[in-house]
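Asker: Could you have a look at this structure, given as structure tokens, before my questions?
The values are calculated or read from the model by the stated rules, or taken from the named source; none is laboratory data. Remember, predicted model here, so these are calculated numbers, not experimental data. Please note: Cβ atoms are built from the backbone with ideal geometry, for glycine as well, and neighbour counts cover all protein chains shown.
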């Protein structure tokens, strides 16, 4: 049974920020399945059968702050008697332009503190992750301020479309497997001379990091 983890920070003050796109994708999936999250001291979660997929899946939002996500994820894997091979983590990526998706198996944290915590706690990088581009990783940028500030109003339409597309990618992954989902939903890289982070490999170490 897949464990679908959306990363974010708990608290109303973080709603609508780039750091919480993982939470937003889970909300989209729960609405499509017509279910509500159950709250525990460490997470909001729900086991459900998602539209168009064969196996049931567990939607899981850790209620620890981003850099403490690993303990919650490890506890969930233990509780449901799953392994990292059953895990899919959804998170933001400042080194991908807003609206870009990157789904892949294994790799480093790329400076994303939630992924970093999960990798350190589980002792493995071998799990699927879906990175959602939120931009803001340009050299010299204040990344912490960017990921913890709300998206500007002019970006809201693209943000909403990207969250729904990410939810589509997860349904495709569950129904058809990783390769099919990667081929259909991973944003193709474009060569350019921009100094922004859009041509960086998302699963390599980045000095910008995340918070």
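Asker: Which count do you get for residues in the range 152-202 that are modelled with pLDDT under 50 and either under 14 Å from residue 135 (Cα atoms) or surrounded by 12 or more Cβ atoms within 10 Å (Cβ to Cβ) (or both)?
Answerer: 9
Asker: Turning to a different aspect of this structure: Suppose we filter 54, 120, 71, 43 for residues that are out of contact with any strand residue (DSSP E or B) (no Cβ under 7 Å at 6 or more places or on another chain) and modelled with pLDDT under 90; which single one remains?
Answerer: Exactly one residue qualifies, and that residue is 54.
Asker: Out of all the residues in the range 43-74, which are surrounded by 16 or more Cβ atoms within 10 Å (Cβ to Cβ) and in a loop (DSSP other than H, G, I, E, B)?
Answerer: Selection gives 50, 53, 63, 64, 65.
Asker: Return the residue satisfying two criteria in turn: it lies in the range 81-109 and is farther than 18 Å from residue 169 by Cβ and either out of contact with any strand residue (DSSP E or B) (no Cβ under 9 Å at 6 or more places or on another chain) or buried (at least 16 other Cβ atoms within 10 Å of the Cβ) (or both), and of such residues it is modelled with the lowest pLDDT.
Answerer: Only one residue tops the list, namely 109.
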